[in-house]
Structure formats: structure tokens, C-alpha cells
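To start, the structure under review is shown below, and the notes come after it.
Throughout, read-outs are computed from the coordinates displayed, never taken from laboratory work. Note that this is a predicted model, so its numbers are computed, not measured. Note that we place each Cβ from the backbone using ideal geometry, even for glycine, and neighbour counts take in every protein chain shown.
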């Protein structure tokens, strides 16, 4: 059980840090081209981060659940 908890925590940490990097790229593009204000760009990035987690989160979990085999 402790190994499973560690793996889950590492996966959450990786997903969080990876999402932060990708969101920064999108926000920087919107702001530098003056397509959106900084507040609106951050709001759009946050909205789609939440939408992606809610809409595709279970698909990712199912994929990892079927591909990753933990020896008993």
C-alpha cells in the first residue's frame, strides 16, 4: 500500500508540474500577441485545465490501470 500511495503522489505531482509548464506557454502566447489581457489569459488556461481533468481524467486513469501491472 505505501508503494501505491507513493506512485499516486508522484503521478499527481508530475501532472501538476507538467500542466503548469504547458499553461505558461499558452498564456505567454496570448499575452505577447495581445490577443487577451493577462487576467483573461490566465482564466482561459485555468478553465481548460479544469475541463481537461474532468473530461479526460478517467480515460488517463483507465489507460494506466490497464497498461501498468504491479506484481503481487
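Cβ-to-Cβ counts within 10 Å put 40, 34 in ascending order as 34, 40, the fewest first.
Each of 32, 43 has some number of other Cβ atoms within 10 Å of its Cβ, and from fewest to most they run 32, 43. The angle between the Cα long axis of helix 2-32 and the longest principal axis of the Cα atoms of the chain comes to about 10 degrees, rounded to the nearest 10. Show log10 I(q)/I(0) for the chain at q = 0.20 Å⁻¹, two decimals, from a solvent-free Debye sum over equal Cα scatterers. These q points yield log10 I(q)/I(0) values of -0.89.
Taking the C-alpha atoms only, the angle from helix 38-67 to the longest principal axis of the chain is near 20 degrees.
For every helix of n ≥ 4 consecutive DSSP H residues, a contribution of -39,500 (n - 2.57) applies; sum these over the chain, divide by its total residues, and give [θ] at 222 nm rounded to the nearest 500 deg cm²/dmol.
Working: 2 runs with 61 residues, N = 72.
Helix-only estimate at 222 nm: -30500 deg cm²/dmol.
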